[in-house]
Each structure stands twice: as C-alpha cells, then as structure tokens.
1. Angle check, please: helix B:219-228 long axis (alpha carbons) against the longest principal axis of chain B (alpha carbons), in degrees 0 to 90, nearest 10.
2. Could you give the dipole magnitude of the protein assembly as shown about its Cα centre, charging the beta-carbon of Lys and Arg +1 and that of Asp and Glu -1, in debye to the nearest 20?
3. Which whole number gives the average, over all residues in A:104-116, of C-beta atoms from other chains lying within 10 Å of the residue C-beta?
4. Rank the residues B:140, A:146 as a footprinting-exposure proxy: fewest other Cβ atoms within 10 Å of their Cβ go first.
5. What FRET efficiency would be calculated for the residue pair residue A:55, residue B:124, taking the C-beta separation as r and a Förster radius of 45 Å, to the nearest 0.05?
6. Can you tell me the 0 to 90 degree angle between the C-alpha axis of helix B:233-274 and the longest principal axis of chain B, rounded to 10?
7. Can you give the translational diffusion coefficient of the protein assembly as shown in µm²/s, computed by Stokes-Einstein from the Kirkwood radius over Cα pairs at 20 °C and 1.002 mPa s?
8. Counting other beta carbons within 10 Å of each residue's own, what order do A:82, A:190 fall into, fewest first?
Amino acid sequence: MRRRGAARALLAPYGAWAALFIVVPLGFVAYYAFTDNNFAFTFDNISRFFTARSVVDGTEVYTYLLIFWRSLKLALISTVLCLLLGYPLAYIMARAGDRAQKIMMILIMIPMWMNFLIRTYAWMTILQDTGILNGFLGALGLEKIHVIGTESAVVIGMVYDYLPYMVLPIYSIMAKMDVRLLEAARDLGCNGFSVLRRVIFPLSLPGVLSGVTMVLIPSISTFYISQKLGSGRFFLIGDAIEGQYAANNLHFAAAMAFILMVVLLLCMAVMKELTVRYTGEGERA
Amino acid sequence: MKTLSRVFTGLIFLFLFAPIAILLVFSFNETKSLSVFAGFSLKWYRELLHDQNTLDSVRNTLMLAVSAMLISTVMGTAASVGIHRLRSRALRRLLNTVTDIPMTNPDIITGISLMLMFVFAGWLFGLANSLSFWTMLIAHVTFCLPYVILQVLPKLNQMDPALPEAAMDLGCTPLRAFFKATLPEIFPGVLTGAIMAFTMSLDDFVISYFTAGAGFQTLPIRIYNMTKKTVTPKMYALATIIFFVILTLLLVSNLTDREAAEQRKKKTIKRKGTNP
C-alpha cells in the first residue's frame, strides 16, 4: 500500500501538469471556436469557414474550403514524394557499410537541427527568378525557369524540410531487418523485385506508416514555407490560422484549429487502423 | 545498380545541402546580395557580434532550453517511475493517450491551444498581456515532457524489478534505492530524453511564436522577424556558426560513441575470458 502511495505521489505533478497544460488548452480551442467576442455561444466561426466566399481570378470560390483543400493536396503530394525519395535512400543506407551508415546518419541529421526558417529562406534565394538556379541554368546556356511563387516551389520546400522525418523511421526498421530472410527469399527463387515486394516492403511497413504520419501532419499545418516560397499566393490552412491570430481574431483562429484537429484525428484513426491491420501491432502497453 | 544508387544518394544529399552550402558561401559575401558573390569578407560576422538583439535572443534561447530541459527531465522521470508502478491498466492507458497528444498534434494546434488558455487566464485576472517568459517555459516543458517519458519508460520496463527490491531488502530507503539501483539502470534513457528535450526546445519556432511575450525573444523568433524584412548575410553568418556547432557536437558524440562501444567490446571479451 505504501508503494502504491509512492507511485501516486510521483505521478501527481505530471498528472496535474498534463491535465492543466495538455487537456484543458484543447478544451479552450473548442470553447473559443464556438463563442463570439463576448464569449456567447455561436456557430458563426465554424459556418464562416464553410461558407465564406471570395473572388479569385474572376471566379467566386469558397475561400477557406479552397485553402484547406490546397493544404491537403500539397501535403499529400509532398508525402508521396518524400516516400518515393526517402524509401530507396533508407534502403541504400541500411545496406551500406558501418562507416558509411554513420556518415549518412550525420548528414541526414544536420539539416534537421538547423533552423528551418533560415534554410527555407535560402531556398528562396535559390529559386528566385534572378536567383542561383537560374544563374546556373543561364551559365549553361539553358532557358530560365520560373519556380518561385508556384505550388511546385511550396512542394519543394515541404519535401526538403520533412524528408529526414521519412528517412529515419524507415531506416531504423530496415537496419534491424534480418538479412537471412532476404537470402532465403532469393534461394526460394524470388528475383530482386519480388524480394522487395514480398519481403522487404511488408517488413518495413511500420516504418513507412510512421514516416508518412511524421511528414503529413507538419506539412498540412505548416505556415512559413508557403509564405516565403509561394510568395504569399498559396495560402495554406496554417497561414490562415496564423493570419487570424496576428489580426487578433482569436475565435476564428480557434475555429480553424478546431476543424483541422478534427480532420487530423480522423486521419490518425485511419492510420492507426492500417497499422494494426497490416502489421498486427497492437497498442503499446 | 551500385553506380545508380551512388548517383541517387549523391543527388539527395545535394538537395539536402544545397541551401546550407549557399548560406555558408554567402555569409562571407562582401556585398549585401544573397545571390551574387562579390568577394570574400568577414564583415557580416563582425556585424553579428555587434547585434545586441540577436545576442540577447541567443542567451534567451539557451536559458529557456536549459530550464525546460531540467524541469521536463525531472518531472518526466518521476512520472515514468509512477506510470511504471501503476497497477491500474485503465489509468495507465489514459496517461499514455494524454502523453501522446502533444507529439501527434501539429505544433500549430499545441501553440494555439496554450495561447488561448494564457490569454483567457490573463483576461480573467485583468492583465493586459499575459504572455511572458513563464508562459513560454510552460509551453516548452509541456512539449518536451512526452519525449522524456518516451525515452525513460522503456528503460524501466527493461530493468529487472528485483534490483530496487533487493536494495530495499538490504536496508535502503525507497529514495536511496531509486538513486542507487534504479537510476543507474535507466540513466541512458534519462540522458537521451534530456538531450532531446534540450534540442526540441532550442529549435522550436511554431509553439514559441504563439506563446511568446513581447519582451522575450528567442532565436527562432528573432530569425522569423528578420526574414520578414529583407535579409542581409548577417543571418547567414549566424546560420553558419550554428552549422559548425552542430557539426562539432555530432562528430564528438559519434566519436565518443565509438570509443564507448570499443571499450564495451573489450570488457565483454575480458569477462568471457575469465568466465568461460
């Protein structure tokens, strides 16, 4: 009994902290989302998100639904690109020698630890019309390209910033993979591609799913990349929330955060279901 | 196949390091341009050393990161021991779910939610501006805690539960048993958790942005404010310094890792030699 009391005493500070600073603040998001400036109950903030319209390039559009759709679209494209680039890289890393693995790990981690604002800004100077990329193309006698201020530039920024978050979880699973399984598959007549499809990919699936989550969530909610690389023309839901916060419209900012949270919770539930179904991995104890 | 994978790896690392190379080069530019290199000069580094606001923000960032690391490591380790001893499955599951929230929620939602609560509390107490160093510290401790718990809890589960019990049987008080038997066993996890908390706090921009008071600027917020206006190579000079600090830390930690691994190897060989 005394020990149980000790467990409670040790947990008490964290329990109180988590309740006060994790759970209660989420309640405040909902509270602000459904109230007006005088804290009277209202649906206006939520319905504004779904009904507000504006004119873009001569056509009338649903302002915030368009922004949200764009966020989802660009985040999905970036996630798929990160997977296409990150998966082979993780595989190559896991198969390399000890020394090469260590060096590549350091190379992957350096960008993660450097401030992403400066790195994103550096991309701006690369992609500008008079920037380094076009200077390079010009020197080669090639035609200049226009990238900055397009959706492609935003996707480049997202892939650049979040690629390490895709590589690391996949790599850590692949590095632990039993090489004998691959050899066995080969001995049993698999060619390179079917070893990949039937053995390597299924085994690496937990890493893929956690990598996808780690790229998708920050890229849906980012608010700096699009302002700089999209020249402010491709507002994402993160930019919209930040803009309302900066303008001190806390209730509408909260409403958008609330909607984003609900959509992401649904996504996470689907991802979790997929993880359980395809890897047989239950909840952690 | 081998050449193909070499080329692919090379291209990816070119992509990852292109902007870093750019900012290394242009931090030494003689002119203000960030895309035309005019000549070598150290003048932006000199300017950086005279930029009191930036130096203050570096000091603030370190102060905040050290405080957040200490608080979250102590509280997180205690919480892990508590969770580990907890008998009630339902309560344990509830705590795990709550601990997962700051890690799975996007930063912008964590930031907004804390900001709303602080603003509301400020309004309740009639304060004009409730955001300060303290609100930021609370926010940083909150998002660091899960990382500490995630590192410490598995170490506790791996530990032989007989160890602290034996210590207590031999006359240790529970507190002494924790420091003498449990802590040395779980220390690698505590250390990794503390390092993670420190780096997360150091690098955080989004949550800080929403919970920062007007008078307290961290380095990421300072950088954000600088990139709103036209940027000079001064910022690149700052990034270059950060780059070399990180590079040194990573190399040192990897080298010491290797040394430790070799020593461990020697020890096991020795043990095997005397105890076949």
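1. Orientation of helix B:219-228: about 30 degrees from the principal axis.
2. On the way: 49 positive and 32 negative charges, 392 e Å.
My answer is approximately 1880 debye.
3. Working: counts 3, 2, 6, 6, 3, 2, 7, 7, 4, 10, 8, 11, 5.
Counting Cβ atoms of other protein chains within 10 Å of each residue's Cβ and averaging gives 6.
4. Working: B:140 26, A:146 12.
Least to most surrounded, the residues fall as A:146, B:140.
5. Working: r = 41 Å, r/R0 = 0.91.
The pair residue A:55/residue B:124 has a calculated efficiency of 0.65.
6. Computed tilt is about 30 degrees.
7. On the way: Rh = 26.0 Å.
It comes out at roughly 82 µm²/s.
8. On the way: A:82 26, A:190 16.
So the ranking, lowest neighbour count to highest, is A:190, A:82.
Each value in this text was obtained by applying a stated rule to the coordinates, not by laboratory testing. Note that the coordinates shown come from a computational prediction; the quantities given were computed from them, not determined experimentally. We place every Cβ from the backbone using ideal geometry, glycine too, and count neighbours over all the protein chains shown.
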